[in-house]
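Notes for the one structure printed next.
The values are calculated or read from the model by the stated rules, or taken from the named source; none is laboratory data. Bear in mind that the values here come from a model prediction, so they are computed numbers and not experimental data. Backbone-built Cβ (ideal geometry, glycine too); neighbour counts: all protein chains shown.
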Amino acid sequence: MSSLDETSTKILVLGDSCVGKTSLCHCIAAEPSRTFDSTIGATVIMAWHEYRAGTPEQRSELLELWDIGGMVVHRQAAQVFFEGAVGAILVHDLTNRRSEENLATWLTMLDGKPRAPKSSKDPAAVALKVDIESCNIPVLIVGTKADLVPHKGPVSYDRLHIDSLKNIIRGSANSITLARFFDSCLDRTRRTTLNSSFFAANASKMTPNTSIIGAPSTATASDVTNRTMSPFTTIPMGTS
């Protein structure tokens, strides 16, 4: 299923059952709650995001957070919801090591590249990092229930601790990290639209050997930066 509305941006939220995906979505949408049932199929939560806040390009963008059910028996069927997504949040439970190891399975569902579950000392930071950076869409890793494991401090990659039962404070480090991820997803949507316009405008001129490297010619330096910037980031969240 593609995006619900051509004016909104579709982002998948994936992970094992009961890791806190629904709580995370509602936290991002500024409507945290404690009462959620396990998701069967998919639930769509809408959230507003200020694209490139504080710059001349700032504008309000509507995000579709597709909360995909994580039950094992439904995983393959879940892929029907992937169409049209321009980004993905992979969620694991910090109190459940297996859910972190299973991120490899969810990543395989995203890009089709076979890989075994990771079981290294720090799978999200070490074993999965290269795979995530090579994925065809921006990917954000989120660890939930950080308040239940306060002894787990920062590791070798960016890890922020927030409570997903509370609103994310605007301007906080957590808010900035999420904003950068959402910006990268929207940048991908913009590039896709520009390339589609390029193809439409030049369809009659193109041959099988036509190169589109560098097209369209209106690309800016900021576009190049966003194209090459790694989307890999991890944010442990609070209890769901």
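Things worth noting here:
- Residue within segment 91-101 that is modelled with pLDDT of 95 or more, farther than 20 Å from THR177 by Cβ and crowded, with 19+ Cβ neighbours inside 10 Å present: no
- A residue that is acidic (Asp, Glu), closer than 21 Å to THR95 by Cα and in contact with a helix residue (DSSP H, G or I) (Cβ under 8 Å, 6 or more places away or on another chain) cannot be found anywhere in segment 45-56.
- Entry remark, segment 1-35: residues being out of contact with any Pro (no Cβ under 8 Å at 6 or more places or on another chain), polar (S, T, N, Q) and outside any loop (DSSP other than H, G, I, E, B) number 3 in total.
- Residue in segment 50-68 that is within 21 Å of THR144 (Cβ to Cβ) and over 14 Å from the mean Cα position of the chain (by Cα) present: no
- Condition met for ILE40 (β-branched (Val, Ile, Thr) and part of a strand (DSSP E or B)): no
- Segment 34-50, residues that are within 24 Å of ASP5 (Cβ to Cβ), polar (S, T, N, Q) and modelled with pLDDT under 90: THR39
- With respect to (1) surrounded by fewer than 22 Cβ atoms within 10 Å (Cβ to Cβ); (2) at pLDDT 80 or above; (3) in contact with a Gly (Cβ under 9 Å, 6 or more places away or on another chain), the lone exception for GLY70 is condition (1).
- Residue pairs whose Cβ atoms lie under 8 Å apart, sitting 6 or more positions apart in sequence or on different chains, and linking a residue in segment 162-182 that is closer than 14 Å to THR144 by Cα to a partner that is of a type in the set (Ser, Thr, Tyr) and outside any helix (DSSP H, G or I), are ILE162/SER172; ASP163/THR239; SER164/THR144; SER164/THR239; SER164/SER240; LEU165/SER33; LEU165/THR239; LEU165/SER240.
- The set of residues from segment 136-173 being at pLDDT 70 or above, surrounded by 17 or more Cβ atoms within 10 Å (Cβ to Cβ) and under 24 Å from VAL86 (Cβ atoms) comprises ILE137, PRO138, VAL139, LEU140, ILE141, VAL142, GLY143, THR144, SER164, ILE168.
- Residues of segment 43-80 satisfying the condition of being assigned to a loop (DSSP other than H, G, I, E, B) and at negative phi: ALA53, THR55, PRO56, GLU57, GLN58, GLY69, GLY70, MET71
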